[in-house]
Amino acid sequence: MIVFKTDRQKTEFADPNIDSRVRVILFAVSGYAEHTYQRDVEITEVFRTQEEQNDIYTVKALPEIAEQYKVHPWYSVHQFWRGVDFVMRGAHIEEVEAMEKWVNGNFVYTHLSVKTALEHNMGAGLHIHIQVDNDNVTEIKKVNISTNDTVGEI
Ligand SMILES: [Zn+2]
């Protein structure tokens with residue numbers, strides 16, 4: 001199931017501004033995590049303000065990243081309601097990497113050089129960042145569950 005870091009993420013995940021494709025992907029991720037790993041998906045970030053973006057990249061980032069940001073600041077998809085971060089508490093690195101691969105294999109970002117799911121290790125642990133394109137449709141492949149699964153009809 002989907003759980004939330006705080007009430008803020010819960011409220012934002014239900015906000016009409018969120019890109020519904022992100023929500024659909026998270027529902028699929030949650031089902032896959034529960035089915036394959038018996039784990040919950042915890043949403044840790046949905047929306048990000050400009051102030052929070054500045055704080056991340058000028059205060060918390062590595063010095064070389066902060067220098068780049070100060071010269072040419074960039075936006076995050078979180079500022080446009082097109083990104084969600086989640087963790088699977090207690091998950092092994094192999095599970096996180098497999099989840100990232102599963103998402104990218106089934107939900108294809110329209111620019112081939114950009115991925116729908118990106119695993120990154122920020123202070124709080126292994127997160128997966130989910131994002132969708134601005135003006136194109138994220139392609140949804142036929143979703144494959146492992147052939148080792150024995151759940152029958154889905
Ligand atoms: Zn993110």
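What follows is calculated from the coordinates using simple rules that are stated; it is not laboratory data. Only a predicted model underlies this, so the values are computations on that prediction, with no experimental measurement involved. Note that we place each Cβ from the backbone using ideal geometry, even for glycine, and neighbour counts take in every protein chain shown.
Going by how many other Cβ atoms sit within 10 Å of their own, how do Val3, Val108, Val29 line up, fewest first? Spell out each step's value before the answer.
On the way: Val3 13, Val108 18, Val29 24.
Sorted ascending by nearby Cβ count, the order is Val3, Val108, Val29.
Write down Rg/Rh for the range 16-99, rounded to two decimals, with Rg from the C-alpha atoms and Rh from the Kirkwood relation over Cα pairs. Mind showing how you got there, number by number?
Details: Rg = 15.5 Å, Rh = 14.6 Å.
Using Cα coordinates only, the ratio equals 1.06.
List the pair-distance distribution P(r) of the range 1-141, using every Cα-Cα distance, as the percent of pairs falling in each 5 Å bin from 0 up to the bin containing the longest distance, rounded to whole percents.
2, 10, 19, 22, 21, 16, 8, 2, 0, 0
Per residue Cα convex hull volume for the range 58-122, in cubic angstrom? List each step's numbers first, then the result.
On the way: hull volume 8.7 nm³, N = 65.
Expressed per residue, the convex hull around the Cα atoms of the range 58-122 is 134 Å³.
Quick one: net charge of Trp81's neighbours, Cβ under 9 Å, K/R +1, D/E -1? Intermediate values should be presented prior to the final figure.
Details: positive: Arg82; negative: Glu12, Asp15, Asp19.
Result for the local shell: -2.
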